[in-house]
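Scroll down for the structure; my scribbles are underneath it.
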Ligand code: 6GU
């Protein structure tokens, strides 16, 4: 997969992309991530990328010119057209199923905005889909783009060391993950549940399923509402 990111702050991406699974996936050629600075496509001595909103109101709006020029340049860097995504609090909520869907694509082009938002003609002209990572306002789309990249990359085949470790993740089956324990068996008077030491794999699977259901009911009942009732 190739992921292009259009941003005013490419430096914000460097450290989060240089650790652990995302770092290794890049080293192994599983994903190529290219950062392009929108400001490099801005005009004039001041390289202006934002302006006051028509109709008045607070804040500034991302101008369409630099984003379009940057986008057209980036698209020419690789053959496939790519799925174009604007990161904005006005977007559709991001969730695990969307991460899985995006992980099937050959190419993603993520556009992170700043200021009060994008000129609407950016969304229309680039035929972009809009994604939000939750119901709160960030200062820009960069952290949201990083969230999307992180969630997508770990789903790419071979990105995880142990091939199985994504399938039990919270949300991948619509439920929260069951509690995990490792050594020692007793820590500060808290003991690992006996069932996990029993060696009975059937019973362990059943206990884990029940724990997942109980946790989901307690912490995220909304996850149970829309799906078929779990058995
Ligand atoms: Cl994608 N951008 C901004 N600025 N704020 C957000 C967001 C995105 N998702 C949630 N809040």
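The values are calculated or read from the model by the stated rules, or taken from the named source; none is laboratory data. The structure presented is a predicted model; accordingly, all values stated were derived computationally and were not measured. Quick reminder, even Gly has a Cβ in these numbers, built from the backbone with ideal geometry, and neighbours come from all protein chains shown.
The table below gives the values:
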read-out: Residue 161 vs. criteria outside the structural domain of residue 91 (by TED's automatic domain parsing) and modelled with pLDDT under 90; value: yes
read-out: Any hit, region 157-164, residues being under 30 Å from residue 35 (Cβ atoms) and touching a strand residue (DSSP E or B) at 6+ places or on another chain (Cβ under 6 Å); value: no
